[in-house]
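Notes for the one structure printed next.
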Amino acid sequence: MHLPGNVIQCDRLSLRELGLHDAEFILRLLNEPGFLKFIGDKGVRNLADAREYLARGPLESYRRHGFGLYLVSQRGDGTPIGICGLVKRDTLVDPDVGFAFLEEHWSKGYAAEAAAAVLLYGRDTLGIERIVAITAIDNRGSIAVLEKIGLTLERRVRLGDDSKELNLFGPAPRRGGA
């Protein structure tokens with residue numbers, strides 16, 4: 001059995017691969033009001049649903065792409081506070097950095113710290129040249145995080161024919177010469 005290990009260490013946070021044993025945390029996170037409003041209802045209503053979400057989402061992504069969403073916990077006591085990582089969507093050319101945190105941990109700089117570390121990991125360790133991000137048009141908190149980590153609004157996109165319009169952020173253009 002593969003046991004998730006730490007992938008990234010930050011000043012205040014540790015990021016590690018998710019496992020089926022994280023189902024209880026995922027059930028709680030995916031049903032928070034902010035997650036439902038800005039990311040969407042994933043239909044996770046019980047522990048079995050949460051394990052299915054983990055198996056078909058992050059665990060499948062690790063297998064297929066070598067990356068995915070990671071559990072974010074506080075370094076001091078190991079308390080899980082959110083998820084952050086890279087997602088490869090069929091409808092986007094480039095992988096995107098995604099994050100979600102329990103609302104009690106919003107506005108503490110955790111999302112920016114984790115997302116910046118994931119960008120660095122994606123570029124330096126995984127060798128991904130271009131990493132983007134998407135967010136709901138009205139999600140001011142996530143927009144601020146993306147701007148803080150150096151991404152800029154490029155355009156609006158839809159992930160499917162019947163999906164709502166989202167902001168697509170990409171790396172800031174490099175200044176100066178080659």
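The values are calculated or read from the model by the stated rules, or taken from the named source; none is laboratory data. Just so you know, these numbers come straight off a predicted model, no measurement behind them. We place every Cβ from the backbone using ideal geometry, glycine too, and count neighbours over all the protein chains shown. Heavy atoms of the whole protein, side chains included, go into the accessibility calculation; ligands, DNA and RNA do not. Shrake-Rupley method; radii C 1.70, N 1.55, O 1.52, S 1.80 Å.
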Review point. Which of the chymotrypsin sites (Phe, Trp or Tyr not before Pro) found in segment 37-145 are in a DSSP loop and have at most 16 neighbouring Cβ atoms, other than their own, within 10 Å?
Key: 106
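Can you send over the carbon and sulfur percentage of the accessible area for segment 1-158, probe radius 1.4 Å, protein chains only?
Values: 4080 of 8290 Å².
Carbon and sulfur: 49 percent of the exposed surface of segment 1-158.
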Point to revise | Full-extension gain in nm, residue 20 to residue 64, via 0.36 nm per residue minus C-alpha separation | key: 14.1 nm
Check your understanding: Evaluated at 10 °C with a viscosity of 1.306 mPa s, what Stokes-Einstein diffusion coefficient in µm²/s does segment 93-135 have when Rh comes from the Kirkwood expression over alpha-carbon pairs?
Key -> 141
**Study point:** Label point 7 Å beyond Cα of residue 165 along Cβ direction - residues of segment 125-146 with amide nitrogen under 12 Å
**Key:** 137-138
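So what's the convex hull volume per residue for the Cα atoms of segment 1-99, in Å³? Mind dumping the intermediate values first?
Working: hull volume 11.1 nm³, N = 99.
Convex hull volume per residue, Cα atoms: 112 Å³.
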Review point. What relative contact order, as a whole-number percentage, does the chain give when Cα pairs under 8 Å and 6 or more residues apart are counted?
Key: 17
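Note down the relative contact order for segment 127-178 as a percent, whole number, built from C-alpha pairs under 8 angstrom at least six residues apart.
The normalised contact order for segment 127-178 reaches 41 percent.
What is the mean projected area of the alpha carbon convex hull for the chain, to one decimal in square nanometres? Working shown, then result.
On the way: hull surface 43.7 nm².
Directional mean of the projected Cα hull area for the chain stands at 10.9 nm².
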Review point. So how far apart, in nm, are the two label points at residue 103 and residue 130 if each is 7 Å from Cα heading toward Cβ?
Key: 3.7
Exercise for review: Normalising by the residue count of segment 86-159, find the relative contact order in percent from Cα pairs under 8 Å and 6+ residues apart.
Suggested key: 32
